[in-house]
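Read the structure below first, then the notes.
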Protein chains: 4
Amino acid sequence: MSGFVEGERVLLIDEQGGKYLVRAEPRKFNTRFGVVDLSQAIGAQPGTVIHSHLGKPFVVLRPSVVDYIQKIRRVPQVLLPKDAAQILANTGVGPGSVVVDGGTGSGCLAIFLGHLVRPTGHVYSYEIREDFVELARRNIRFTGLEDVVTVKQQDICQGIDERDVDLVTLDIPKPEDAIPHAENALKPGGHLFVFSPCIEPVKRVYEALSSHRFKEIFTIECLVREIEVKPNATRPKTRMIAHTGYMTFARRI
Amino acid sequence: MSGFVEGERVLLIDEQGGKYLVRAEPRKFNTRFGVVDLSQAIGAQPGTVIHSHLGKPFVVLRPSVVDYIQKIRRVPQVLLPKDAAQILANTGVGPGSVVVDGGTGSGCLAIFLGHLVRPTGHVYSYEIREDFVELARRNIRFTGLEDVVTVKQQDICQGIDERDVDLVTLDIPKPEDAIPHAENALKPGGHLFVFSPCIEPVKRVYEALSSHRFKEIFTIECLVREIEVKPNATRPKTRMIAHTGYMTFARRI
Amino acid sequence: MSGFVEGERVLLIDEQGGKYLVRAEPRKFNTRFGVVDLSQAIGAQPGTVIHSHLGKPFVVLRPSVVDYIQKIRRVPQVLLPKDAAQILANTGVGPGSVVVDGGTGSGCLAIFLGHLVRPTGHVYSYEIREDFVELARRNIRFTGLEDVVTVKQQDICQGIDERDVDLVTLDIPKPEDAIPHAENALKPGGHLFVFSPCIEPVKRVYEALSSHRFKEIFTIECLVREIEVKPNATRPKTRMIAHTGYMTFARRI
Amino acid sequence: MSGFVEGERVLLIDEQGGKYLVRAEPRKFNTRFGVVDLSQAIGAQPGTVIHSHLGKPFVVLRPSVVDYIQKIRRVPQVLLPKDAAQILANTGVGPGSVVVDGGTGSGCLAIFLGHLVRPTGHVYSYEIREDFVELARRNIRFTGLEDVVTVKQQDICQGIDERDVDLVTLDIPKPEDAIPHAENALKPGGHLFVFSPCIEPVKRVYEALSSHRFKEIFTIECLVREIEVKPNATRPKTRMIAHTGYMTFARRI
């Protein structure tokens, strides 16, 4: 592997596993373990250890898309990577796939999928709120996926421009209104994915689906539980995120 | 999209959602809804409806990798797509990644990951049992991923040939024995993933990890619960798969 | 403890943990481990071992209410003991409490609660279907709780005769119709418990509660997961009952 | 129902569902909704509304054992009522049962069970730490169960005085050491219950049980998930308690 070039994104990991996303550049950076001179990262190989002014060690690594997403996402009610991953478990989406994403929000899902369909695939993400469009575009540039993910300030409930797409994802308040457009956009065998924190929109989606060409309709929720593993004290963690949302899948036929 | 060529894999979906993986070829195929002449699929566009001798409709689609995996996998104790997807949620693996997979089994995980790292990445899968090696190779050819996934009849606990890899996955009885080799094979920042149906190997893995260069160590389980959505009868399904395995992640530093 | 008298209920446990509810009486009883002469149980102390004609051992025990209920209940969609127990966890019901139970069904919940409010409390159970009334009465006699549990062939949605009761339980298709009667029957501080397999009736119950004198309204579901513990193979069981019903609690003020 | 006598325990519920355990006595009590003159409760019927100096309403109710326990318990790692209730779901414990409780702690489980075995049953609770013995005795008097629950400052791993008991519960660090004593104390058909936050003690208990007269051995965990029910926003709560402890049951034969 090559060393970091000046200006490149660097992931710092402190001795307690704390992670910082910075750049290799001549700048001082404050952490709970002292001030780190980030110019040390320029030319360094990933895996190298640099030190703060207190002599505390920091490993420098190339960030992955998951490192980026962990820095972007904020609220627990949103679709988390554990959920986004279920799209991969239940559709054939992968390199080369064309995805339409309704409800960009901060762009996390678009980024997650963009990373996986590149370099030949593409994600077209629809968002009506201007502030979200800007936030998402900033986040997409942050992860270097601007060639793969396009954010459009358009209402997906008014129509989808793309055709023959492999996947349409919907994370919007009234997903039922986008079903007819998803039907038109999807190629036969293509997949629809709807994320809804509440059960009422799920019911409306089923009603909408019943009058369109979809099959293999099912709804899941995904719970991830963390386990603490210690020599004589192994147990699930006391608290967990119990719900993010219901995920409905359907296949265009 | 182009029509099916003779000999191409075709996914048939019957009117109740039953799925059949066949080929477009001059052959009769028996289903619960009558005999289908598969030569009808030759030249047909995906999404077309063909009929059995009883007049029952079947949609013809291009199968996705998930369709293939659903036909391959059998026992519920194994790592399921819901679990494999958690690798995506917690690592940056994607197109171009290099993966070493310990314990090929029937090849499901290797296929799942091979689909996602193609065309420039690669999966090297280690398996000691000759019968599994053959079964996996057959399954890999079945999914058309033979250029991306290589099965080696070698014991991963004896060593890993590859270097600078992005991910090492272990689904073997004694994963602790492969940890030193995983450390050598992984590039800094690379990820280790260990799947264990039981808790005892998880504990041994933690012990092994403590004397090697790994951080960000955590263990999760992933539960997927299906919801039945009906006009006046919406509820989680009565039964679910309550456990496949514990998933331990660690990052090489 | 005294020995079994002729005609008394006896729980037989075979060497694999299989349980049989029989009587101490001069009768042959067929099991998978041979024929047992039940007259051996007459006069025997609980804990004694008797044998089948094949020489296989059977422990004889006095059955508990849970042993009875396990023999009574059948379908997994019904309220199970794990759920009934949540009533105890969330109300002060116990010896001396007066309970009204809407929707007797096979009588399992009435029996479970009858056992816990005896000897001074009482359970009045309402059921409209004659066949269920008879089945429940038979089950109640079977468990010896006929002095504590009264089954009434009446529609609880038409009214509740009792007043000043500590708990009203509803396991009926339209629980919302019984809410006004529950309000009248409950004493201040008394508890309402509604069991619904589906979410739609839960929503209707909340709507009904909003116009009556209830507070501390909440809804839970209870999941019990079994763990297999073996020397080197400890893990949750592969399958579990993922859903029986939603349980809504409210307190009359 | 009769009105509150002076000095009697009273449960106040404010307009947001906040609960306060006080006494009916001539005393001012501060709440977030103003100062309440508790002498208003003397002679009042349960269900009556009294007011703070700000005119805010408070319902007065007779507290149940669950109200008491909610005020007593503190940390989430301990056995919660949802767990204690599983004892009732899996044993025949009820009015008249004799229980031995190992590891009194703050006395919550002893109180919960004491409430359910009264008036003719009894709970003998063993605790080695003097401060816990005192705390538990105070809590037991607080709930008025001092005639039903006896706390002994003794180590249950050194022996159990009682014989022919229906249930032995263990919530101690080394439950395996109490198994031989539990065997002696339990009557045939009696139940053992072991609560362990971690899996390692569970494994040691199984090992210990294998050389004693126990059958029907199984281990469960109980998850309670709360559902938010709102007109157009029904969903499980975002967070939940994911683990309190493993519960192991066994039956003395």
If you take every residue apart from D:ILE50 with its C-beta less than 14 Å away from the C-beta of D:ILE50, what net charge results, scoring Lys and Arg +1 and Asp and Glu -1? 0
Any lysines whose Cα falls less than 20 Å from that of B:LYS152, other than same-chain ones fewer than 8 residues away, would be B:LYS174
For A:MET240, which sequence-distant residues (separation of 5 or more, or a different chain) have an amide H within less than 5 Å of its own amide H, given hydrogens modelled in the peptide plane? D:MET240, D:ALA242
For the stretch D:19-98: rounded, prolate or oblate by the Cα gyration tensor [a/c cutoff 1.5]: prolate
Which value, in debye to the nearest 20, gives the size of the charge dipole of the protein assembly as shown about its Cα centre, when Lys and Arg are +1 and Asp and Glu are -1 at the Cβ? 0
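Could you work out the mean projected area of the convex hull around the alpha carbons of the stretch B:67-252, in square nanometres to one decimal?
Its Cα hull, projected and averaged over all orientations, spans 11.2 nm².
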Straight-line reach from B:LYS187: which lysines have a Cα under 20 Å away, not including same-chain ones fewer than 8 places off? A:LYS19, B:LYS215
How charged is the neighbourhood of D:PHE195? Take every other residue with its Cβ under 11 Å from the Cβ of D:PHE195, and add Lys/Arg as +1 and Asp/Glu as -1. -4
Per-copy distances of the C:LYS237 label point, shortest first, in nm (7 angstrom along Cα→Cβ): 1.8, 2.8, 2.8
Please give the Cα centre distance for the stretch A:1-66 versus the stretch C:172-199, rounded to the nearest Å. 61
Return the calculated 222 nm mean residue ellipticity for the protein assembly as shown, to the nearest 500 deg cm²/dmol, obtained by summing -39500 (n - 2.57) across DSSP H runs with n ≥ 4 and dividing by the residue count. -7000 deg cm²/dmol
Note: C:63-70 gets an average of partner chain Cβ contacts (10 Å, Cβ to Cβ) equal to 4
Distant-in-sequence amide H partners of B:VAL98 (H built 1.01 Å from N, under 5 Å): B:HIS122, B:ASP166, B:LEU167
Quick check for me: using +1 on Lys/Arg Cβ and -1 on Asp/Glu Cβ, what's the dipole size of chain C about its Cα centre, in debye to the nearest 20? 800
Ranking of A:GLU25, B:GLU15, C:GLU176 by count of other Cβ atoms within 10 Å, fewest first: B:GLU15, A:GLU25, C:GLU176
Between their Cα atoms, which of B:LYS28/B:LYS82; B:LYS237/D:LYS237; A:LYS203/D:LYS230; B:LYS82/D:LYS203 are more than 23 Å away from each other? B:LYS28/B:LYS82; B:LYS82/D:LYS203
What shape does the protein assembly as shown have by the C-alpha gyration tensor, where a ≥ b ≥ c are the square roots of the eigenvalues, rounded means a/c under 1.5, and otherwise prolate means a/b greater than b/c and oblate the rest? prolate
Dipole of the stretch C:104-144, positive direction: furthest Cα of C:THR104, C:VAL117, C:LEU135, with charges on the beta-carbon: C:VAL117
Projected onto the charge dipole of the stretch C:67-252 (+1 at Lys/Arg Cβ, -1 at Asp/Glu Cβ, origin at the Cα centre), which of C:ALA84, C:PRO201, C:GLY189 gives the Cα projection farthest towards the positive end? C:ALA84
Determine which aspartates and glutamates satisfy two conditions relative to B:LYS56: a Cα distance under 13 Å, and not lying fewer than 8 residues away in the same chain. B:ASP14, B:GLU15, B:ASP37
homo-copy label distances at C:GLY7 (7 angstrom along Cα-Cβ), nm, one dp, ascending, are 5.1, 8.4, 9.8
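Classify the stretch A:154-253: rounded, prolate or oblate, from the alpha-carbon gyration tensor (a ≥ b ≥ c, eigenvalue square roots; a/c under 1.5 rounded; otherwise prolate if a/b is larger than b/c)?
prolate
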What ratio of Cα Rg to 2.2 N^0.38 Å holds for the stretch A:137-184? 1.29
Over all directions, how big on average is the projection of the convex hull of the alpha-carbon atoms in the stretch B:115-157, in square nanometres? 3.0
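Treat the count of other C-beta atoms within 10 Å as a stand-in for reagent exposure and order B:ILE87, B:ILE111 from fewest to most.
B:ILE87, B:ILE111
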What does the net charge come to around D:ARG27 if you take all other residues with beta carbon closer than 12 Å to its beta carbon, with K and R at +1 and D and E at -1? -1
Taking the Cα centre of the stretch C:60-122 as origin, sum charge times position over the Cβ atoms of Lys and Arg (+1) and Asp and Glu (-1), and report the length of that vector in debye to the nearest 20. 200
Protection proxy (average C-beta count within 10 Å per residue), highest first, orders D:136-149, B:32-45 as D:136-149, B:32-45
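Just so you know, all these numbers are worked out from the coordinates, no wet-lab data involved. As the structure is a computational prediction, the values presented were derived from the model and not from experiment. Because the Cβ atoms are built from the backbone with ideal geometry, glycine has one as well, and the counts that use them run over all protein chains shown.
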